[in-house]
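Read the figures in this text as sums done on the coordinates, not as results from a lab. Everything numeric here is computed off the predicted structure, so don't read it as measured data. Heads up, the Cβs are rebuilt from the backbone with ideal geometry, glycines too, and the neighbour counts pull from every protein chain shown.
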Amino acid sequence: MTPVLEITDVTFRRDGKQIIDGISLTVQAGEHWALLGPNGAGKSTLLGFCSAMTFPTTGSVRVLGGQMGRTDLAVLRRSIGHVNPRHRLQYPLTVRDVVLTGITATIDTAARWTPTPEQVRRAEELIDTVGLSARVEAVWPTLSQGERGRTLIARALIGEPELLLLDEPTTGLDVAAREQLLETLDALDDSHPEMASILVTHHLEELPTTTTHALLIAQGRTVASGPALEVVNTENVTEAFEHPVTVGFQDGRWTARASASSRIA
């Protein structure tokens, strides 16, 4: 099978500074990857490669079988869903309308465009999938942060993406809203079994139970990559964050705490 994403030995330099230094990543259909690392590790830059928005300085990026620089990026991007909690709207659109903007890939409703009845039906189906049927007519400014996050997931899914990118999707959420959003992500494993995903975070407790693989980076380099249970452990997380951290795993979820010895010190 052709990988959904294949990043090979990429580097990236900005203003003379090495941001990414020789990272490789292969994502297959149905896999759910966590991209982990401290602030400044290069996670956002790497996500830019995954979304076919940023070109590496060296190395190659193949997304959905097409190599960046040798294929129509606009076509590739139609098969990539992107959930960004910093999504900004200028107008008070309803939940339904926000989801429909995923078809036109615009922030607000596209000028001179009217969705078909089938597109509206699909939007409402996805709104139900993320548990917001009762809020379908609610306007964006009245939504909680958690409701906005789930709306953006539905928006990303309406284009039937093969790859879903989630850029710190639980930013700004309280504990209850975070857990609701993670439950929504876990449910996608059943509703969209072939879709691959990459979730960016630096908090282990924000990983869904459906996480299958992890790439742990620090200072633009790979610390560890592979099956999540093998990668997300005390040794690797301590190395990446340059601080003694004890990693726990129970009931499909991870935890991270400063090691007792470091607290005593």
DSSP-defined beta bridges in the chain - what % are antiparallel, rounded to 5
60 percent
Take the Cα of Arg86, step 7 Å along the line toward its Cβ, and report every residue of the stretch 151-195 whose backbone nitrogen sits under 17 Å from that point.
165-173
Measure off 7 Å from each Cα along the Cα-to-Cβ vector at Thr234 and Met1, then give the distance between these two points in nanometres to one decimal.
3.5 nm
Plugging the Kirkwood radius over Cα pairs into Stokes-Einstein for the stretch 103-223, at a temperature of 20 °C and a viscosity of 1.002 mPa s, what D comes out in µm²/s?
136 µm²/s
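Multiplying the sequence separation of Gln28 and Ala110 by 0.36 nm and subtracting their Cα-Cα distance, what value in nm do you get?
Extra length from Gln28 to Ala110 when fully extended: 26.2 nm.
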In Å, the C-alpha Rg and Dmax of the stretch 1-114 are 16.2, 47
Using bins 5 angstrom wide from zero, how does P(r) for the stretch 118-158 break down, in % of all Cα pairs?
6, 27, 37, 24, 6, 1
Can you give me the distance in nm between label points at His243 and Met53, each placed 7 Å from the Cα along the Cα-to-Cβ direction?
2.7 nm
Would you mind telling me which residue in Trp113, Trp254, Trp140 has the biggest mean-square fluctuation in a Gaussian network model of the chain, where springs connect alpha carbons within a distance under 10 angstrom?
Trp113
Could you order the peptides 169-176, 182-189 from most to least packed, using the average number of other C-beta atoms within 10 Å per residue?
182-189, 169-176
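In whole angstrom, how long is each semi-axis of the equivalent ellipsoid of the chain, when you take the square root of 5 times every eigenvalue of its Cα gyration tensor and sort them from largest down?
Here the semi-axes work out to 31, 23, 16 Å.
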At Asp251 and Thr11, where each label point lies 7 Å from the Cα along Cα→Cβ, what is the point-to-point distance in nanometres?
4.7 nm
Quick one: among Glu206, Glu230, Glu160, which has the greatest mean-square fluctuation in a GNM of the chain with alpha-carbon springs under 10 angstrom?
Glu230
State the extension gain, in nm to one decimal, for the chain segment bounded by Ala258 and Thr209, taking 0.36 nm per residue of separation less the distance between their alpha-carbons.
15.4 nm
Count the net charge of all other residues whose Cβ sits under 11 Å from the Cβ of Gly22, scoring Lys and Arg as +1 and Asp and Glu as -1.
-1
Mind checking the angle between helix 117-129 and the chain's longest principal axis? C-alpha axes, 0 to 90 degrees, to the nearest 10.
40 degrees
Post the alpha-carbon centroid distance, the stretch 92-125 to the stretch 35-72, in whole angstrom.
28 Å
Name the GluC sites (Glu not before Pro) in the stretch 48-153 that are in a loop by DSSP and that have at most 13 other C-beta atoms within 10 Å, would you?
Glu137
Percentage, to the nearest whole number, of Cα pairs in the stretch 87-160 over 14 Å apart:
52 percent
Comparing Ser79, Ser225, Ser133, which has the greatest mean-square fluctuation in the GNM of the chain with Cα pairs linked when under 10 Å apart?
Ser133
